[in-house]
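Have a look at the structure below before the remarks.
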Amino acid sequence: MLTFNAANFHSLCTLVASRDAGLQRVLHTHGYPPLWSRPNRFATLVLTILEQQVSLQSAYAAYKKLTDYIGLPTPVKILSLSDEELRACYFTRQKMGYVRGLATAITQRKVSLKAMEASPDEEVRAQLTALKGIGDWTADIYLLHCLGRTDLFPTGDIALMNGIKMIQGWESNTKEKAIEWAEPLRPYRSIATMIVWHHYIKVRNIRILH
């Protein structure tokens, strides 16, 4: 399993950008992207679930409300909260079920985030997507941000898809077109993804808090 970290991240960015003129322009214009990584813990997956299909600002607001109320989320803390308490932290009914399902799987030892650090990407994906409310996008983000795996390409990510279109000067983008574009960038598509995000965030002036 290939991984990226602070020691090799810039060299991998340079390598990937050497394979695509658009990515080279991003590095020339904006410099290297930040090393976006997150701790491998339950709280990170709670935040990632909150980020599903909403703006980052909305997700951050809900996560801050939750952490102000209970501190760092843990499975036991989440399972102790009522619907009313979670609703006060801006959780929808669906996302209440998703985080409770994840918390239950961890407390019952059906899922071990620590063990995932040594598991192949597809095994991690299979374990996570077996849980209600966790699909490929959430699994991709977890593998990329928490485990530092190098070859994730989350085609369900709107910023990634729009960012590729902007960088390449395309009039439109599709999942199939993006996958074809990224194929020569294997096994470092995670790095390409972060370069694209970097461009999108800079151009759109988006504030990243986590």
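The values are calculated or read from the model by the stated rules, or taken from the named source; none is laboratory data. All figures in this text were calculated on a predicted structure; none of them were measured in a lab. As a convention, Cβ positions derive from the backbone with ideal geometry for all residues, glycine included, and neighbour counts pool all protein chains shown.
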Filter the range 27-74 for residues that are surrounded by 14 or more Cβ atoms within 10 Å (Cβ to Cβ) and polar (S, T, N, Q); which is farthest from residue 129 (Cα to Cα)?
67
Are there any pairs, at least 6 apart or on different chains, whose C-beta atoms fall under 9 Å, with the first in the range 184-205 and closer than 12 Å to residue 30 by Cβ and the second among the aromatic types (Phe, Trp, Tyr) and in a helix (DSSP H, G or I), and if so, which?
194/9
Is it the case that some residue within the range 114-126 is in contact (Cβ under 8 Å) with a residue 40 or more places away in the chain, surrounded by fewer than 15 Cβ atoms within 10 Å (Cβ to Cβ), part of a helix (DSSP H, G or I) and on the phi < 0 side of the Ramachandran plot?
yes
Look at residue 173 and say whether it is at pLDDT below 95 and within 20 Å of residue 19 (Cβ to Cβ).
yes
Could you say which residue among 142, 188, 200 is more than 20 Å from residue 48 (Cα to Cα) and either at pLDDT 95 or above or not assigned by TED's automatic domain parsing to the domain that holds residue 129 (or both)?
188
Tally of residues being in contact with a Leu (Cβ under 8 Å, 6 or more places away or on another chain) and farther than 18 Å from residue 50 by Cα across the range 154-184
2
Odd one out for residue 15, checked against (1) buried (at least 16 other Cβ atoms within 10 Å of the Cβ); (2) of a type outside the set (Ser, Thr, Tyr); (3) over 15 Å from residue 143 (Cβ atoms):
(1)
Any residue in the range 1-18 that's more than 17 Å from residue 37 (Cα to Cα): show its pairings with residues that are assigned to a helix (DSSP H, G or I) and polar (S, T, N, Q) at Cβ separation under 6 Å, as long as the two are six or more apart or on different chains.
17/24
Kindly check whether there is at least one residue in the range 138-157 that is more than 27 Å from residue 15 (Cα to Cα) and out of contact with any Lys or Arg (no Cβ under 6 Å at 6 or more places or on another chain).
no
Search result, residues across the range 87-113 that are without any contact (Cβ under 8 Å) to a residue 12 or more places away in the chain and either part of a helix (DSSP H, G or I) or aromatic (Phe, Trp, Tyr) (or both):
87, 93
Complete set of residues in the range 161-210 that are outside any loop (DSSP other than H, G, I, E, B), more than 22 Å from residue 146 (Cβ to Cβ) and of a type in the set (Phe, Trp, Tyr):
181
Residue that is surrounded by the fewest Cβ atoms within 10 Å (Cβ to Cβ), among those in the range 156-210 that are within 27 Å of residue 43 (Cβ to Cβ) and polar (S, T, N, Q):
190
